[in-house]
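*Asks:* Okay, handing you the structure first.
The values are calculated or read from the model by the stated rules, or taken from the named source; none is laboratory data. Keep in mind that this is a model prediction, so the values were computed, not measured. Reconstructed Cβ throughout: ideal geometry from the backbone, glycine too, with neighbour counts over all protein chains shown. These accessible areas exclude ligands, DNA and RNA; they are computed on the full protein's heavy atoms, side chains included. Shrake-Rupley method; radii C 1.70, N 1.55, O 1.52, S 1.80 Å.
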Amino acid sequence: MQLSVNREASGSVPAEPLPPALCRLAELPAGEQAILEKLDLPEDDARRLMELGFLPGHSVTAARSAPGGDPRVFRVDGSEIALRRETAAHLFVRCGTPKRP
Amino acid sequence: MSDCHGSAALESPPRTGNAPVVAIVGPPNSGKSTLFNRLTGMRQKVANFPGVTVEHHLGRAALPGGGELAIVDLPGVYSLIARSDDERVTHDVLKGLMPGVEKPGAILLILDCTNLGRHLVLAAPVLAIGVPTLVILNMADDLRGRGGQVDAGLIAAQLGAPVALISASKGEGLERVWEFLEKVESGQASVKPRGMELPVLNNVPNCREWAARIGKKGKYRAPVPPIWTRRLDEVFLHPVAGPIVFVLVVLGVFQTIFSGARPIMDALQSAINASGQWVASFLPEGALRSLVADGVWGGVGSVVVFLPQILLLFLFLGILEDSGYLARAALIADRTMARFGLQGKSFIPLLSAYACAVPAIMATRTIENKRDRIATILIAPFMTCSARLPVYTLIIAAFIPNRPLLGPLFGAQAAAMLGLYVLGFAAALGTARVLKSTVLKSSRTPFMLEMPPYRWPTVQSLGLRLVDRGLVFLRRAGTVILLTSLILWALAHLPVVHGHAPQISESIVGTIGHTLEPVIKPLGFNWRIGIGLISSLAAREVIIGTLGTIYGMEGTSHSQSLQAALHHDLTLGGALALLVFFAFAMQCMSTLAVVRRETGSWRWPLIQFSYMWVLAWVCAFATNQLVSIFWT
């Protein structure tokens, strides 16, 4: 199971560089699908997200959002779950193409 | 206590002899309460969004074979690891830790079979409890309608538990549930060996894989995505159309509540007046006739008039809740909520506070973070509850001319009403901001909200809700309002001087009112309003009954309506100040009681009470002064 526990996950979107193969779920364009790789959140929160279907290895589709793009609805494991951008920024998906720096 | 919501959890549990208690367990919005209502013939509130049930409810199911079983309905959970207070209720009941509820001896596990893979995950910890369990795959009609399928027998073999495929809302497939309950009652229900071992419970990916394997063995074919939900969301969550629809829905609701209910209310008013005169004509001139005409008809009748409007409000709330639009509204509002330090989960309790603050405060149990929860509890009474609606309607109708604003579809009176709702909401947000940046600071918890598929609200569900709300309203009118009207009438006739009742301003009521006058005069209120404010502590709408009685006894309401009497008695400044006062003041004993219960001490309710009254006085004062300066 790829689950790293980060005790200090805060509301802000962290700025450190990512491994080339990972993209933030928050950056996934509406209508696109990607495979979830890992959840970088405190254990409790990660667990609840997994119970809702955000499991590593499962596919996630970015759907409609509230005006302004936040929060966004994600289709995952047969249901639609809305997440705020600050949360979706801690979920990582496999990139289709490596992101430019 | 004029509790808005009869709370079954506070009553003593039904006696059941030796038969075990049966618990209904399942994920949020899987239909637990719908099934509970089916089995017990009771009417727990149901709606189409997660987290409607936040406490345990006990009921009895009368079995076809003549026996009886105690059933307990529980808040929805995704696992048996509790994160919030409502989930803790489920956890405690299942472990036998809840005072007053026996540890359940059997479980009805209800899962939404349109999303079986994810929902079956909950079967692992529930089956691990080791009591006889019936696994219910609900929403079978939906599954079929969208081209999915499942073999209940094969699933049962894997789980070692009987499986029933049902539709709780349509009542189909319930025979299997009754059959299971009969076995439980006669002690024949047992736990069978499983085809597949249970997974390691605290490993979610592992549990999910186990669920997928069971689904596969059970020939589960997932349904196609709900196409209408997708299409509707294209509109309701469209960046431009979405907010426009949101605003139109709100304006439409207000205009309809205000003017749509008018003709029925007018008819009801005439009927009440006529019946009052008819009854009075049988009574001899004197104290008794005055008691009936002014005390009962004047007091209770003037409140009952608002029944059509209250029902209309609940009809709209019901449609929004049952259709699933509420979850979208929560999504659209989330950014605004976040700006004021509230999390998205606060929005649904706040919306339900438009009906009544009591269930709203209960609904905050779904908020995991303690400080966020207290902040939401403290601001919920600012939301315009249905008890304020009659007061607003009366004063607005008396003082605001009915000019069309946006064509004939949206008038000045509806706008004034909307303004008061916005005022309450703004006070709630402002208070939240202050609380969240001072005493109730907390780190932000992630916002996760499941979007339910849209469903047609059923006529039956809406109808039952209206009947229930109508009865609650009438019961209040028949108890609290009748009682205060009678007490008021009596106090207005004492002390008796030389065998005659005094002039009302010389009576006990008048004396109390006049004593209060120095405090409320700066707000533009006279002593009659002062008496109304005191009696409205029992429940907000009581002020109407009180004014109905007072004006009735002064002989005004026989010749003119309460509305006209009020118009005559108050200045515009005083009237607007009264509206502002009602928007802010905490005048509800039931709310204080439930805040005390949910926060565990008198500290928060006392702070809330003082804060709201001070705010109400100051803002009403400012309103009266400003209007007096600029409007004369």
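*Asks:* Just the residues that are of a type in the set (D, E, K, R) and more than 30 Å from residue B:119 (Cα to Cα), please, taken from region B:457-504.
*Replies:* From region B:457-504, those of a type in the set (D, E, K, R) are B:465, B:468-469, B:475-476; that's our starting set.
Passing the criteria: B:468, B:469, B:475, B:476.
*Asks:* With the requirement that a residue be crowded, with 19+ Cβ neighbours inside 10 Å and at pLDDT 80 or above, what does region B:35-49 give you?
*Replies:* If the condition is that a residue be crowded, with 19+ Cβ neighbours inside 10 Å and at pLDDT 80 or above, then B:35, B:36, B:37, B:39, B:40 are the ones that fit.
*Asks:* Condition first: within 14 Å of chain A (Cβ to nearest Cβ) and out of contact with any Leu (no Cβ under 9 Å at 6 or more places or on another chain). Now tell me which residues in region B:46-63 satisfy that. Steps first, answer last, please.
*Replies:* Filtering region B:46-63 down to residues within 14 Å of chain A (Cβ to nearest Cβ) leaves B:48-51.
Within region B:46-63, B:51 is the sole residue that qualifies.
*Asks:* Any idea which residue in region B:63-98 is modelled with the lowest pLDDT, counting only those that are among the charged types (D, E, K, R) and surrounded by fewer than 23 Cβ atoms within 10 Å (Cβ to Cβ)? Working first, answer last.
*Replies:* Kept after step one, since they are among the charged types (D, E, K, R), are these residues of region B:63-98: B:68, B:73, B:83, B:85-88, B:92, B:95.
Now narrow it down to the ones that are surrounded by fewer than 23 Cβ atoms within 10 Å (Cβ to Cβ): B:68, B:83, B:85, B:88, B:92, B:95.
Details: B:68: 89, B:83: 83, B:85: 86, B:88: 90, B:92: 92, B:95: 91.
Step by step, filter region B:63-98, then rank; the result is B:83.
*Asks:* Here's another thing I want to ask about it. Here's a check for you: in region B:271-311, which residue that is among the polar types (S, T, N, Q) and over 21 Å from residue B:479 (Cα atoms) is surrounded by the most Cβ atoms within 10 Å (Cβ to Cβ)?
*Replies:* So the first thing to find is which residues in region B:271-311 are among the polar types (S, T, N, Q), and the list is B:273, B:275, B:277, B:281, B:290, B:302, B:309.
So of that shortlist, the ones also over 21 Å from residue B:479 (Cα atoms) come out as B:277, B:281.
Values: B:277: 12, B:281: 9.
Of everything passing the filter in region B:271-311, B:277 is surrounded by the most Cβ atoms within 10 Å (Cβ to Cβ).
*Asks:* Also: So the check is Cβ under 6 Å with 6+ separation or different chains; which pairs have a first residue in region B:229-252 that's within 10 Å of another protein chain (Cβ to nearest Cβ) and a second one that's not in a helix (DSSP H, G or I)?
*Replies:* B:229/B:453; B:229/B:454; B:233/A:64; B:237/A:64; B:239/A:67; B:243/A:67
*Asks:* Take residue B:191 and tell me if it is within 14 Å of chain A (Cβ to nearest Cβ), outside any helix (DSSP H, G or I), aliphatic (A, V, I, L, M) and open to solvent by 20 Å² or more (accessible area, probe 1.4 Å). Break it down into steps so the answer makes sense when it comes.
*Replies:* Numbers: within 14 Å of chain A (Cβ to nearest Cβ): no; outside any helix (DSSP H, G or I): yes; aliphatic (A, V, I, L, M): yes; open to solvent by 20 Å² or more (accessible area, probe 1.4 Å): yes.
Answer is no for this residue.
*Asks:* So residue B:355 passes all but one of these: (1) closer than 30 Å to residue B:494 by Cβ; (2) among the small types (Gly, Ala, Ser); (3) part of a loop (DSSP other than H, G, I, E, B). Which condition number does it fail?
*Replies:* (1)
*Asks:* Which one of these is touching a residue at least 24 places away in the same chain (Cβ under 8 Å), open to solvent by 30 Å² or more (accessible area, probe 1.4 Å) and touching a Lys or Arg at 6+ places or on another chain (Cβ under 9 Å): B:174, B:159, B:165?
*Replies:* Criteria check complete, one pass: B:165.
*Asks:* Considering A:43, A:27, which residue is open to solvent by 70 Å² or more (accessible area, probe 1.4 Å), at pLDDT 60 or above and more than 13 Å from chain B (Cβ to nearest Cβ)? Working first, answer last.
*Replies:* Details: A:43 fails: more than 13 Å from chain B (Cβ to nearest Cβ).
None of the other options fit; the residue is A:27.
*Asks:* Does region B:233-246 include one or more residues that are open to solvent by 30 Å² or more (accessible area, probe 1.4 Å) and under 22 Å from residue B:412 (Cβ atoms)?
*Replies:* no
*Asks:* Kindly indicate the residue of region A:55-77 that is more than 15 Å from residue B:209 (Cα to Cα) and small (Gly, Ala, Ser) and also farthest from the other protein chains (Cβ to nearest Cβ) among those meeting that condition.
*Replies:* This residue is A:62.
*Asks:* Do you know which residues across region B:50-62 are open to solvent by 10 Å² or more (accessible area, probe 1.4 Å) and either farther than 18 Å from residue B:452 by Cβ or not aliphatic (A, V, I, L, M) (or both)?
*Replies:* B:50, B:51, B:53, B:55, B:56, B:57, B:58, B:60, B:62
*Asks:* Looking at (1) more than 7 Å from chain B (Cβ to nearest Cβ); (2) farther than 25 Å from residue B:443 by Cα, which is the one condition that is false for residue A:85?
*Replies:* All conditions are met except number (2).
*Asks:* Answer yes if at least one residue in region B:206-215 is of a type outside the set (Asp, Glu), within 28 Å of residue B:453 (Cα to Cα), open to solvent by 60 Å² or more (accessible area, probe 1.4 Å) and not assigned by TED's automatic domain parsing to the domain that holds residue B:149, and no otherwise.
*Replies:* First, pick out the residues of region B:206-215 that are of a type outside the set (Asp, Glu): B:206-208, B:210-215.
When the remaining residues are screened for being within 28 Å of residue B:453 (Cα to Cα), the result is B:206-208, B:210-215.
Narrowing the set further to residues that are open to solvent by 60 Å² or more (accessible area, probe 1.4 Å) leaves B:213.
Imposing the further condition that a residue be not assigned by TED's automatic domain parsing to the domain that holds residue B:149 reduces the set to none.
No - not one qualifying residue is present in region B:206-215.
*Asks:* If you go through region B:516-529 one residue at a time, do you hit one that is aromatic (Phe, Trp, Tyr), modelled with pLDDT of 85 or more and open to solvent by 10 Å² or more (accessible area, probe 1.4 Å)?
*Replies:* Taking region B:516-529 as the starting set, the residues that turn out to be aromatic (Phe, Trp, Tyr) are B:525, B:527.
Okay, now just the ones that are also modelled with pLDDT of 85 or more, so B:525, B:527.
With the extra rule that they be open to solvent by 10 Å² or more (accessible area, probe 1.4 Å), the set shrinks to B:527.
Yes, region B:516-529 contains at least one residue that is aromatic (Phe, Trp, Tyr), modelled with pLDDT of 85 or more and open to solvent by 10 Å² or more (accessible area, probe 1.4 Å).
*Asks:* Which residue, of B:332, B:348, B:319, is out of contact with any Lys or Arg (no Cβ under 7 Å at 6 or more places or on another chain) and at pLDDT below 85?
*Replies:* Values: B:332 fails: at pLDDT below 85; B:319 fails: at pLDDT below 85.
Only one candidate qualifies: B:348.
*Asks:* If I filter region B:194-219 down to residues being assigned to a helix (DSSP H, G or I) and more than 29 Å from residue B:82 (Cβ to Cβ), which single residue comes out as nearest to the other protein chains (Cβ to nearest Cβ)? Working first, answer last.
*Replies:* To start, the set of residues in region B:194-219 that are assigned to a helix (DSSP H, G or I) comprises B:204-217.
Keeping just the survivors that are more than 29 Å from residue B:82 (Cβ to Cβ) gives B:216-217.
On the way: B:216: 15, B:217: 18 Å.
Per the stated criteria, the residue is B:216.
*Asks:* For region B:220-232, check the following and say yes or no: at least one residue is open to solvent by 40 Å² or more (accessible area, probe 1.4 Å), in a helix (DSSP H, G or I), in contact with a Leu (Cβ under 8 Å, 6 or more places away or on another chain) and modelled with pLDDT under 90. Full working, then the answer.
*Replies:* Here is the first cut: in region B:220-232, the ones open to solvent by 40 Å² or more (accessible area, probe 1.4 Å) are B:220-222, B:224-225, B:227-228, B:230-232.
Adding the requirement that they be in a helix (DSSP H, G or I) leaves B:227-228, B:230-232.
Of the ones still in play, those that are also in contact with a Leu (Cβ under 8 Å, 6 or more places away or on another chain) are none.
For region B:220-232, residues open to solvent by 40 Å² or more (accessible area, probe 1.4 Å), in a helix (DSSP H, G or I), in contact with a Leu (Cβ under 8 Å, 6 or more places away or on another chain) and modelled with pLDDT under 90: absent.
*Asks:* Looking only at region B:31-76, how many residues end up being among the aliphatic types (A, V, I, L, M) and within 19 Å of residue B:175 (Cα to Cα)?
*Replies:* From region B:31-76, those among the aliphatic types (A, V, I, L, M) are B:35, B:39, B:42, B:46-47, B:52, B:54, B:58, B:61-63, B:69-72, B:74; that's our starting set.
Pick out the ones that are also within 19 Å of residue B:175 (Cα to Cα) and you get B:35, B:39, B:42, B:61-63, B:69-71.
Of the residues in region B:31-76, 9 are among the aliphatic types (A, V, I, L, M) and within 19 Å of residue B:175 (Cα to Cα).
*Asks:* Continuing with the same structure: Residue check: is residue B:28 of a type outside the set (Asp, Glu) and either outside any loop (DSSP other than H, G, I, E, B) or out of contact with any helix residue (DSSP H, G or I) (no Cβ under 8 Å at 6 or more places or on another chain) (or both)? Explain how you work it out, then say what you get.
*Replies:* Numbers: of a type outside the set (Asp, Glu): yes; either outside any loop (DSSP other than H, G, I, E, B) or out of contact with any helix residue (DSSP H, G or I) (no Cβ under 8 Å at 6 or more places or on another chain) (or both): yes.
Spelling it out, residue B:28 is indeed of a type outside the set (Asp, Glu) and either outside any loop (DSSP other than H, G, I, E, B) or out of contact with any helix residue (DSSP H, G or I) (no Cβ under 8 Å at 6 or more places or on another chain) (or both).
*Asks:* Scan region B:582-620 residue by residue and report those that are within 13 Å of residue B:382 (Cβ to Cβ) and not in a helix (DSSP H, G or I).
*Replies:* B:585, B:586, B:587, B:588
*Asks:* Could I ask something else about it? Please state which one of B:421, B:454, B:392 is among the hydroxyl-bearing types (Ser, Thr, Tyr), under 30 Å from residue B:113 (Cα atoms) and either touching a helix residue (DSSP H, G or I) at 6+ places or on another chain (Cβ under 8 Å) or open to solvent by less than 10 Å² (accessible area, probe 1.4 Å) (or both).
*Replies:* Every option except B:454 fails the conditions.
*Asks:* Still on this structure, I have one more. With respect to residue A:53, determine if the residue is surrounded by fewer than 21 Cβ atoms within 10 Å (Cβ to Cβ) and assigned to a loop (DSSP other than H, G, I, E, B).
*Replies:* Answer is no for this residue.
*Asks:* Does any residue of region B:406-418 turn out to be within 30 Å of residue B:74 (Cα to Cα) and touching a strand residue (DSSP E or B) at 6+ places or on another chain (Cβ under 9 Å)?
*Replies:* If we filter region B:406-418 for residues that are within 30 Å of residue B:74 (Cα to Cα), which is where we start, we get none.
Checked against the condition, which is being within 30 Å of residue B:74 (Cα to Cα) and touching a strand residue (DSSP E or B) at 6+ places or on another chain (Cβ under 9 Å), region B:406-418 yields no hits at all.
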